[in-house]
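The values are calculated or read from the model by the stated rules, or taken from the named source; none is laboratory data. For clarity, every value in this text was computed on a predicted model and none was experimentally measured. Methodologically, a virtual Cβ is constructed for each residue, glycine included, from the backbone with ideal geometry; neighbour enumeration extends over all protein chains shown. Ligands, DNA and RNA are stripped out before the accessible areas are found, and what is left, the full protein with its side chains, is counted by its heavy atoms. Shrake-Rupley method; radii C 1.70, N 1.55, O 1.52, S 1.80 Å.
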Amino acid sequence: MRAVFQQELAEVQDRLVEIAELVLDSIRDATTAFNAADVALADKVIAADPNIDELAVELDELAIEILYRQSPVARDLRIVVSALRMSASLERMGDLARHIAQLARRRFPEHVAPDSLRDTFTQMTAHDIHIAELLAQLLRTQDVELANQLIQGDDAVDKLHAGVFATVLSPEWKGEAEQTVDVTLASRFLERFGDHAASIAKKVQYLATGEWVPEEA
């Protein structure tokens, strides 16, 4: 029974990695669509999101079945419960990639970000892609150092997000209402993508070290 349980835990990890890799593909394509006003890539991201949702539901069902049949305790219980929470974060990250693609699609053939913010969004999207790359590696290897790097990347996105807000609230901002809303939403989506990844990273840290790092409000 113990060998079967360990196989099931390994399957949970494999499924988390699979979803994380799909999320990585989605954020790569969504941010490329956003920066390049590429409607074909935007449509690809939007069409792919239901698959991420379905895989997350299947993972949740597997985790719940394990809880029911195996009644894990101590660290094993924390692993399964954490997997449920990670699955929810990954599903939300896929949704955020879709939202970014939808903004790009709605603005096509124009760009969402004006010239004054183009460099900032280029940096934010690059950070989010790197964060997603680190997350897939982290879930595959459980390397705590990758978690530290990921959290640092999220801090960088947070700073850029604050800069976008400062720009649109400044007297010098000349964007129309629709553009202001789109830019603000895009920045928020990119910031929340990093936050969800950091939340997963902290759970992996906790499982590896037993030390919990409180999540920011």
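Worth pointing out:
- Scoring 188-195, 122-129 by mean Cβ neighbours within 10 Å over their residues and listing the highest first yields 188-195, 122-129.
- Extension gain (nm, one decimal) between LEU169 and GLN7, 0.36 nm per residue minus Cα-Cα: 53.0 nm
- Calculated mean residue ellipticity, 222 nm, the chain: -31000 deg cm²/dmol, from DSSP H runs (n ≥ 4) at -39500 (n - 2.57) each, averaged per residue and rounded to 500.
- Span from the the stretch 91-115 Cα centroid across to the the stretch 137-213 one, whole angstrom: 16
- Percent accessible area from carbon and sulfur atoms, the chain, protein chains only, probe 1.4 Å: 54
- In this structure, ALA47 and THR180 have a Cβ-Cβ separation that, at R0 = 30 Å, corresponds to a calculated FRET efficiency of about 0.55.
- Crossing angle, helix 39-70 versus the chain [Cα axis fit, 0-90 degrees, rounded to tens]: 20
- Burial ranking of peptide ranges 15-25, 138-148 (average Cβ count within 10 Å, highest at the top): 15-25, 138-148
- FRET efficiency for PHE108 and ASP155, using Cβ-Cβ distance with R0 set to 30 Å, rounded to 0.05: 0.40
- Set of aspartates and glutamates with alpha-carbon distance to LYS174 below 19 Å, sequence-local pairs under 8 removed: GLU110, ASP115, ASP119, ASP182
- Per residue, the convex hull spanned by the Cα atoms of the chain amounts to 110 cubic angstrom.
- The lysines whose alpha-carbon is closer than 21 Å to the alpha-carbon of LYS202, local same-chain residues fewer than 8 away aside, are LYS159.
- Simple rule: put +1 on each Lys or Arg Cβ and -1 on each Asp or Glu Cβ in the chain, find the dipole, and look at GLN137, ALA97, ALA40; the Cα lying farthest toward the positive end is GLN137.
- Nearest 10 degrees, 0 to 90: helix 144-169 Cα axis against the chain principal axis: 30
- Sorting 92-100, 69-77 by their mean Cβ neighbour count within 10 Å, with the most densely packed peptide first, gives 92-100, 69-77.
- Overall, the chain carries a charge dipole of about 260 debye about its Cα centre when +1 sits on the Cβ of Lys and Arg and -1 on the Cβ of Asp and Glu, all other atoms neutral.
- Per residue, the solvent-accessible area of the stretch 1-75 (1.4 Å probe, heavy atoms of protein chains only, all protein chains present) comes to 51 Å².
- Check: the stretch 92-160 dipole with +1 on Lys, Arg Cβ and -1 on Asp, Glu Cβ, in debye: 420
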